[in-house]
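The values are calculated or read from the model by the stated rules, or taken from the named source; none is laboratory data. Computed from a predicted structure; not experimentally measured. Ideal geometry is used to build each Cβ from the backbone, glycine not excepted, and the neighbour counts take in all protein chains shown.
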Amino acid sequence: MTLSFFWILLTPRWSFTIATNKAVYAIGEEVQITATLKNTGYIPQTITSGFTSLVIVWVERLPDDVQVWYAPSHVQTNQTTFMIDPEQSLTRTFIWNGSWVNQVRYSFKAAIPSANAVRMSDVDTEEGRQFYAQIEINIISD
C-alpha cells in the first residue's frame, strides 16, 4: 500500500494542449495559437528541452501537409530545464498572420522538443519531441 502511494505521488503527470482563439476564420484574420503544458501531478516536476524555447508550433496546409509557418522564428539549441509546480501551467502564445492563399483548412501543431533535439527538423519525429498536440481550423470566404 505504501509503495503505491509513493508511486502515485512521485509519477509525473502532464497535460499538453494546443488551441486557437476560434475554430473558423475569415480570410486574412490573425490566428492566436496557445500551447499549454500543465503539471497535473502532486509535486513540482522538471522538463528539459533541447532548445531554449520550450514550445515549438508550426502550421501545415491541408490536405498536402506542407509546412507554411513555424514559431519561434529563431531558436537556440541549448538544453534548458523548466520547472512547473503542481496544478500550474507553462503557456506560450503565438500569432500567425499568414496568407490564406485560397486554402480552406490548416493543421496547427505544437511540440516540446526532447532534450537531445538539435535541429528544428528533429521535432517532426516522435524521437525528437516529448509532447505533441494538433488541431485543425477552417477558413471561410466572406
Within the group Ile43, Ile47, which residue is of a type outside the set (Ser, Thr, Tyr), farther than 21 Å from Ile137 by Cα and assigned to a loop (DSSP other than H, G, I, E, B)? Ile43
Return yes when Ala117 is surrounded by 14 or more Cβ atoms within 10 Å (Cβ to Cβ) and under 30 Å from Tyr42 (Cβ atoms) and no when it is not. yes
Considering the range 63-86, residues that are among the β-branched types (Val, Ile, Thr) and surrounded by 13 or more Cβ atoms within 10 Å (Cβ to Cβ), and then whichever is modelled with the lowest pLDDT, we arrive at Val75
Among the residues of the range 115-123, is any part of a strand (DSSP E or B), in contact (Cβ under 8 Å) with a residue 24 or more places away in the chain and of a type in the set (Gly, Ala, Ser)? no
Name the single residue that is farthest from the chain's Cα centre (by Cα) among those in the range 50-79 being of a type in the set (D, E, K, R) and part of a strand (DSSP E or B). Arg61
